[in-house]
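Before any comments, here is the structure.
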Amino acid sequence: MDLSIVDLSPVPDGGTATDAYANTVETARQAERLGYERVWTAEHHGMADRLAGTTPEVLLGRLAGATDEIRLGTGAMLLNHYSPLKAAETFGALDALAPGRIDAGLGRASNSPAVDRALGTERRVQNPDEDHREKIEAVVGHLYNAYPNGHPYADIELPRSDAAAPVPWVLGSDPSSAAIAGELGLRYCFAAFIRPANAVASFEAYREHFDPGTLPGGPDEPEGMVAVNAVAGETDEAAARRRAVAEASFQRLARGEAGTTPDIEEAVDELGGVPDPTPEALNDDEWPRAISGNPDTLASLLDQLADRVGVDELMIQHVVPDHETALDSHARIAEGVGLDGRT
């Protein structure tokens, strides 16, 4: 199994975005050493006091200079905020900085009305799926010089390296995004930490609609990845204690407190106790929003979830109280899965 990481650049207590970005750089360097396949950076708006990951394309430029081999990408660039050409130019520039290592992760999301207005984003599109599909097609068309002779965009050139072009991925958390990925013949990453109940149906839709060769840059056969909220600890009980932070954060999100992260003691108090450890064997219809365990337990859980949707790669997302816990968890997960580190 391959493993990857998506990093949201959380701002540490008493820190600033400078500290958050330094932590993301350290995360990427550690991931490269441990043998992770890729690191993606996220795009969130209006929560910069808690999540500094507002502009993944800027942060990836820093990561390109801080790493040598690991793939780098956006998880995701939110196309509803941008023109396809601007997005493509961004990925072309990143490819020039990290030749042959860039993933063009493409998604969509709404923010608060005020943030969307400030971004100049239309919140009520007549056909959102059609609009999203057309934007993805346009980004890929620019990245792969796929516009035919005579098309108004055929002569638009992008900055790029002479290595392989950025690899497009469609990101989402529901069957509609999965169907778009399949119809366009692109790779698909499902965010199980957002809507885990949609995982199986989404991959069914992806494979049902998969049409290879529709766009350049896609695989010959369906190729997917699942992003899961997972945290490791020395024991199952210690890992469950760490998972309390994610569980309490989910409850806060449901109350409208988006992006706030308690420490472990606050989380345990809010939950009324430490959560039960995630069982080593999940029920067939069970897909927790967050999982935890010692390295061996977590490796077994990740295998089960990957098998359910037929993928060979999982992306780790987590909500943890501090950067040191994040690094320790990533190292333990790599140990459990048996990643081959890079020298």
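Tabulated data for the structure shown
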read-out: Approximate spin-label separation L282-L85, in nm, with each point projected 7 Å along Cα-to-Cβ; value: 4.4 nm
read-out: Size of electric dipole in segment 26-176: Cβ of Lys, Arg +1 and of Asp, Glu -1, about Cα centre, debye, nearest 20; value: 340 debye
read-out: Tilt relative to the chain, helix 199-209 - C-alpha long axis, 0 to 90 degrees, to 10; value: 20 degrees
read-out: Sum of side-chain charges, K86 neighbourhood, beta-carbon under 14 Å (Lys, Arg +1; Asp, Glu -1); value: -2
read-out: Net charge of neighbours whose Cβ lies under 15 Å from the Cβ of L158, counting Lys and Arg as +1 and Asp and Glu as -1; value: -4
read-out: Amide proton proximity set for L51, modelled H, under 5 Å, gap of 5+; value: V11
read-out: E324 - accessible surface, heavy atoms, 1.4 Å probe, Å² rounded to 10; value: 120 Å²
read-out: The chain, accessible surface, carbon-and-sulfur percent (1.4 angstrom probe); value: 46 percent
read-out: Of the trypsin sites (Lys or Arg not before Pro) in segment 193-271, those whose Cβ has at most 13 other Cβ within 10 Å and which sit in DSSP loop; value: R255
read-out: Simple label model, 7 Å out from Cα along Cβ direction - A96 to A258, nm; value: 3.4 nm
read-out: Segment A154-R195, length gained on full extension (0.36 nm per residue, minus Cα span); value: 10.9 nm
read-out: Backbone HN-Hα couplings from phi across segment 45-55 [Karplus 6.51/-1.76/1.60, Hz, Gly and Pro as x]; value: 10, x, 10, 5, 6, 10, 10, 8, x, 9, 9
read-out: Accessible area (Å², 1.4 Å probe, nearest 10) - Y82; value: 50 Å²
read-out: Which of G53, N23, A66, positive extreme of dipole for segment 1-94 (C-beta unit charges); value: G53
read-out: Average accessible area per residue (Å²) across the chain - probe 1.4 Å, nucleic acids and ligands excluded; value: 44 Å²
read-out: R308-E265 pseudo-label distance in nm [points 7 Å out on the Cα-to-Cβ vector]; value: 3.5 nm
read-out: Theoretical ellipticity at 222 nm over the chain - DSSP helices of four or more residues, -39500 (n - 2.57) apiece, nearest 500; value: -13500 deg cm²/dmol
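The values are calculated or read from the model by the stated rules, or taken from the named source; none is laboratory data. Quick caveat: nothing in here was measured; it's all calculated off a predicted structure. Glycine gets a Cβ as well: all are built from the backbone with ideal geometry, and neighbour counts include every protein chain shown. The accessibility values were calculated without ligands, DNA or RNA, using every heavy atom of the protein model including side chains. Shrake-Rupley method; radii C 1.70, N 1.55, O 1.52, S 1.80 Å.
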